[in-house]
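These notes concern the structure reproduced below.
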Amino acid sequence: MQEKEKNAIRLIRQEMSEKDFELYMYSLKKMAENNIDQNLSFMTELYNIRAFQFKAAEEMLENPELKFAMIVLDFANFSTINEFCGRKTGDDLLKHTANSMRTLQREHVVLSHFRADTFGIFTPFNDKEELIDIAVKLDEMIAEFKIPYKVLPAFGICIADSPTMSISIMRDYAVMALDSIKGKFYAKYAFFDEKMRSRMIMNKMIENDIVDALANEHILLYVQPKVNMRTGEVDGGEALVRWAHPERGIVMPCHFIPVLERNGLIIDVDICVWRQVFRLLGRRLAEGKKVVPISINISRQHVFDDSFKDKLIDMSKEYNVPPELVPLELTESGFLENQGMMYERMHYLKEYGFKLSMDDFGSGYSNITMLKNEAMDEIKIDKGFVDDIATPKGRRILKHVIEMIKDLGLNIIVEGVEEARQRDFLLECGCTNAQGFYYYKPMPTDDFEALLDK
Ligand code: C2E
Ligand code: CA
Ligand code: CA
């Protein structure tokens, strides 16, 4: 081993944990044992992912004075191309891409065909513009491949923050940057940046802490009252989750629900919230106190959970709460993913006595065809519609939407009422039920109970 290499490895040892370092050395050794030049992609004859990792690590170790970056290339629509133009054309596109990449080959550059339609370029650079140039040039070259469909390559770029940065982490970061622009046809490339890093750290923290939060009753139930705008009376509530984080205070659902929806943990959080709702209602019923229906949100993840309808029915029995006191709020996306099954489950719950409410109507998550859904009892009009009351067109649209929903015999509730003039207009349209900051914000259950006891 050369002195330079030894130094680089010494540096890595200082920066990495003992375990990471062992793994790193093991993978380097394994790669050296295999004949590196036989580690080629069968189709494109570029390095496969193993050889790429090894070669790139070697470049980085041997040239600590250079700045390196990784560019990951992926096609947004490769499966469509395969499907409509045939596999042979798909393969030809991959070979064409590999050949385009080969034109970039120069000293210290490592090229790879990772797998399927994903490629990698490890390259030295001086400034970011050079990396953008590579992406733009490759995009142009790939576009020369003539097929009836537009080929849509996208590029995720990660710049090494030190000469000891692990190649696989660079690849993860480049892929993360790529994911941030997937499906956005106007964006061709994205750099991994601080925002992505902090989002990733935040997501990791949420994943780590949520299990503790569930065990330690840090998942709190808040309720936002629903109001009859004619009388001002509280005639219902919506259960909204809050996370009482020991260090970060009360965390709003928009910060953690999207993460939990991705890893499926939302199911446990939902069940924890539902249980608190049933417990509260069951206790008040047993005490002979006033109760109103408190609706719960049903995440679309439950679509994939066969036991979810039984969980609701079991809770209703366990806490002695009639199902009509716990309406279920759903968004359309839940139905779209698995229509038949979701309809079946919803009908089952409806038969049992649960009321179904279509959440966020008009927000893009729920559209007009959902009104045909026989199972629905109520439509919850999204705040967006209410905000539009400010314009004449917005007022007319809302008026007709309300008319149509009423004509279909469905109940209406409007979300996000913040001002008296919104209330007045809604009452004029014949809509009496609302939920919004004009009346009440979501509140801890003690406050909500005090409101009912008043
Ligand atoms: P959502 O189901 O549409 O809930 C209504 C959201 O609108 C709540 O936000 C509420 O505080 C807010 N809101 C109500 N009135 C007004 C208003 O007048 N002005 C404004 N600006 N906002 C208003 P929150 O509590 O932050 O919840 C956000 C979203 O998180 C909910 O939207 C729901 O999709 C989700 N969520 C909340 N709790 C749960 C839960 O227990 N389970 C699941 N799966 N999702 C939940
Ligand atoms: Ca809701
Ligand atoms: Ca809503």
Checklist line | Cα centre as origin, Lys/Arg/Asp/Glu Cβ charges: the range 56-112 dipole, Debye | finding: 300
Margin query: Quick one: 3J(HN,Hα) in Hz for the range 410-426, Karplus 6.51/-1.76/1.60 with θ = phi - 60°, rounded, Gly and Pro as x.
Written below: 9, 6, 10, 9, 10, 9, x, 6, 10, 9, 4, 6, 5, 4, 4, 5, 5
Item checked: Accessible heavy-atom area order of Ser316, Ser79, highest first, probe of 1.4 Å -> Ser79, Ser316
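Could you compute Rg(Cα) / (2.2 N^0.38 Å) for the chain, with N its residue count? Before the final figure, lay out each step's value.
Numbers: Rg = 28.3 Å, N = 454, 2.2 N^0.38 = 22.5 Å.
Its radius of gyration relative to the 2.2 N^0.38 Å reference: 1.26.
Helix-derived [θ] at 222 nm for the chain: sum -39500 (n - 2.57) over DSSP H runs of at least 4, divide by residue count, nearest 500?
Value at 222 nm, helices only: -15500 deg cm²/dmol.
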Item checked: Under-5 Å amide H pairs with Ser41, H placed in peptide plane, nonlocal only -> Leu46, Tyr47, Asn48, His113
Item checked: List Asp314, Asp235, ordered by accessible area with a 1.4 Å probe, largest first -> Asp314, Asp235
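What is the magnitude of the charge dipole of the chain about its Cα centre, with +1 placed on the Cβ of each Lys and Arg, -1 on the Cβ of each Asp and Glu, and no other charges, expressed in debye to the nearest 20?
It works out to roughly 420 debye.
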Next item on the list: Quick one: which residues, 5+ away or cross-chain, put their amide H under 5 Å from the amide H of Ala76? H built at 1.01 Å from N.
Entry: Leu152, Ala154
Check: Suppose every K and R has +1 on its Cβ and every D and E has -1 on its Cβ; what is the size of the dipole of the range 204-453 about the Cα centre, in Debye to the nearest 20?
Finding: 460
Notebook entry, point to check: Once the dipole of the chain is set up with Lys and Arg at +1 and Asp and Glu at -1 on Cβ about the Cα centre, which of Ile210, Ala286, Phe75 lies farthest towards its positive end?
Noted result: Phe75
Notebook entry, point to check: How many angstrom lie between the C-alpha centres of the range 258-306 and the range 142-205?
Noted result: 37
Item checked: Most to least packed among 439-448, 117-126 [average Cβ atoms within 10 Å] -> 117-126, 439-448
Item checked: Farthest positive-ward along the range 204-453 dipole, Cα basis, beta-carbon charges - from Val251, Thr432, Pro442 -> Thr432
Next item on the list: For the chain, find the longest principal axis of its Cα atoms and tell me its angle to the long axis of helix 308-318, 0 to 90°, nearest 10.
Entry: 40
Margin query: What is the angle, in °, between the Cα long axis of helix 87-102 and the longest principal axis of the Cα atoms in the chain? Nearest 10 is fine, range 0 to 90.
Written below: 60
Margin query: Given an 8 Å cut-off on Cα distances and at least 6 residues of separation, report the relative contact order of the chain as a percent.
Written below: 11
Checklist line | Rounded to 10°, Cα long-axis angle of helix 392-407 versus longest principal axis of the chain | finding: 60
Check: What residues have an amide H closer than 5 Å to that of Gly236, excluding those fewer than 5 places away on the same chain, when H is modeled at 1.01 Å from N in the peptide plane?
Finding: Lys226
Next item on the list: Run the 1.4 Å probe and let me know the accessible area of Thr391, rounded to the nearest 10 Å².
Entry: 70
Margin query: How much accessible area per residue does the range 101-202 have, counting only protein heavy atoms and a probe of 1.4 Å, in square angstrom?
Written below: 52
Checklist line | DSSP beta bridges in the chain [antiparallel fraction, %, rounded to 5] | finding: 65
Note to self: Taking every DSSP beta bridge with both residues inside the range 210-333, roughly what % is antiparallel (nearest 5)?
What the structure shows: 75
Notebook entry, point to check: What is the Cα convex hull volume of the range 39-192 when expressed per residue in Å³?
Noted result: 96
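The values are calculated or read from the model by the stated rules, or taken from the named source; none is laboratory data. Remember, predicted model here, so these are calculated numbers, not experimental data. Glycine also receives a Cβ, built like all others from the backbone with ideal geometry; neighbour counts cover every protein chain displayed. Surface accessibility is based on the protein's heavy atoms, side chains included, excluding ligands, DNA and RNA. Shrake-Rupley method; radii C 1.70, N 1.55, O 1.52, S 1.80 Å.
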